[in-house]
Amino acid sequence: MHNDGKIKWERLVRALEPGGSFVRAAKLAGGVSADVTLLEWQRPSGEVARAVVRQHGAADLRRNPRLAEDEFKLLRWLEDAGLPVPGALYADPDGELLGSPCVVTRYAEGTTTIGEARVERAVEEMAAVLARIHRAGFGQAGGLAAFLPACADIVSAKLSHRSAEPDESLSESRIRAALLEVWPPRGRNGDTLLHGDFWPGNLLWRDGRLAAVLDWEDAAAGDPLSDLANGRLELLWSYGAEAMDAFTHAYEAHMTGIVDFSDLSVWELYAALRPAGSLASWGLPAEAETRMRERHRWFVEAALRRLAESTS
């Protein structure tokens, strides 16, 4: 590590714990929209401490220059609500220490991998945790909205921005046309806190239990069906239709009488629109990309069919 880089990390360690001594900074795999670094330092007691540093990417910071500060506040709120998140330790929204904004969280042990033998139990636990997040957010969205974007505004902006070359390999034009016919939806559900990107890659497992929900930079206030629909598509991609349906049924059981599921097909189409124009750039193995495209096509056709039935 160059000396300039080491000096930056030493400054951050001193901000986290006066008297602490920098040990190392190692980039962690998996960061897409942000640079994620494992930071280690030695405490005055001699104990080695660990934390995770997230430096948000340029695109996210253009959308929200105060993203580090907002994510810090949100993580504190989630932790106080008893939800499984990495605790927030520090935020540098102006990038004074590392040269770019960052948020620092506690280091959580675990893996994002779900063994095949555990998929059934894991998707049920995913549904239970998502329901806890949504229930905690109902009635709180007004306060959270002071620094969270409105999901409906995000969708409206995406629908109004037409690509010069629609990704027809993912049915982009058909999805857009169907959504524009029904947007905005009837809005039977009140706004709640949304994770914004609820999928297996953002969930940390330890000893067979869901230990932490990671990566909250896409959090928003809006219809809980948005998170449910995104989770459905991601589980279909990763584990197939049976896992997707088990997740859905478990979530419905937790949210019966709380959430109206009538507009789920609308939010499924929005979830299916999100990878349009970008899936080919994800660097996936050819076999995995082919499988995902086939499952995406099935997902879209099913959502379009249900939407047509509900509006006929």
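The values are calculated or read from the model by the stated rules, or taken from the named source; none is laboratory data. As the structure is a computational prediction, the values presented were derived from the model and not from experiment. Quick reminder, even Gly has a Cβ in these numbers, built from the backbone with ideal geometry, and neighbours come from all protein chains shown.
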One residue from PHE247, PHE261 being under 19 Å from ARG132 (Cα atoms), at pLDDT 95 or above, touching an Asp or Glu at 6+ places or on another chain (Cβ under 9 Å) and not in a helix (DSSP H, G or I): PHE261
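Residue-wise test of (1) at pLDDT 95 or above; (2) over 25 Å from LEU67 (Cβ atoms); (3) out of contact with any Gly (no Cβ under 6 Å at 6 or more places or on another chain).
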| site | (1), (2), (3) |
| --- | --- |
| MET1 | no, yes, yes |
| GLY5 | no, no, yes |
| TRP9 | no, no, yes |
| GLY19 | no, yes, yes |
| ALA25 | no, no, yes |
| GLY31 | no, no, yes |
| ASP35 | no, no, yes |
| TRP41 | yes, no, no |
| PRO44 | no, yes, no |
Unmet criterion (only one of (1) more than 21 Å from the chain's Cα centre (by Cα); (2) assigned to a helix (DSSP H, G or I)) for PHE299: (1)
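Could you list all residues from segment 43-92 that are assigned to a strand (DSSP E or B) and either touching a Cys at 6+ places or on another chain (Cβ under 6 Å) or not hydrophobic (A, V, I, L, M, F, W, C) (or both)? Show your work before the answer.
Of segment 43-92, the ones assigned to a strand (DSSP E or B) are 48-56, 88-92.
Answer for segment 43-92, where residues must be assigned to a strand (DSSP E or B) and either touching a Cys at 6+ places or on another chain (Cβ under 6 Å) or not hydrophobic (A, V, I, L, M, F, W, C) (or both): ARG50, VAL53, ARG54, GLN55, HIS56, TYR90, ASP92.
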Among (1) part of a helix (DSSP H, G or I); (2) of a type outside the set (Ser, Thr, Tyr); (3) within 24 Å of the chain's Cα centre (by Cα), the one test that ARG11 misses: (3)
Residue match in segment 174-191 (condition: within 30 Å of GLU109 (Cβ to Cβ) and either hydroxyl-bearing (Ser, Thr, Tyr) or modelled with pLDDT of 95 or more (or both)): no
Residues (over 17 Å from ALA88 (Cα atoms) and among the β-branched types (Val, Ile, Thr)) located in segment 9-26: VAL23
Number of positions in segment 130-156 that are at pLDDT 95 or above, crowded, with 19+ Cβ neighbours inside 10 Å and more than 21 Å from ARG274 (Cβ to Cβ): 1
Filter result (touching a strand residue (DSSP E or B) at 6+ places or on another chain (Cβ under 8 Å) and closer than 14 Å to ARG11 by Cα) within segment 69-100: TYR90, ALA91, ASP92, GLY95, LEU98, SER100
Qualifying residue in segment 227-240 (condition: assigned to a loop (DSSP other than H, G, I, E, B) and in contact with a helix residue (DSSP H, G or I) (Cβ under 9 Å, 6 or more places away or on another chain)): yes
Residue match in segment 281-298 (condition: surrounded by fewer than 17 Cβ atoms within 10 Å (Cβ to Cβ), on the phi > 0 side of the Ramachandran plot and not charged (D, E, K, R)): yes
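Checking the conditions here, which among THR248, THR192 is touching a strand residue (DSSP E or B) at 6+ places or on another chain (Cβ under 9 Å) and among the β-branched types (Val, Ile, Thr)?
Details: THR248 fails: touching a strand residue (DSSP E or B) at 6+ places or on another chain (Cβ under 9 Å).
Testing whether each residue is touching a strand residue (DSSP E or B) at 6+ places or on another chain (Cβ under 9 Å) and among the β-branched types (Val, Ile, Thr) leaves just THR192.
Determine which member of the set ALA272, ALA219 is buried (at least 20 other Cβ atoms within 10 Å of the Cβ), within 27 Å of ALA146 (Cα to Cα) and within 20 Å of the chain's Cα centre (by Cα).
Working: ALA272 fails: within 27 Å of ALA146 (Cα to Cα).
The match here is ALA219.
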Selection from segment 187-209 of residues that are farther than 30 Å from THR290 by Cβ and in a strand (DSSP E or B): THR192, LEU193, LEU194, ARG206, ARG209
Matching option when the condition is in the same structural domain as LEU273 (by TED's automatic domain parsing), buried (at least 17 other Cβ atoms within 10 Å of the Cβ) and over 26 Å from ALA211 (Cα atoms), among LEU180, LEU170: LEU170
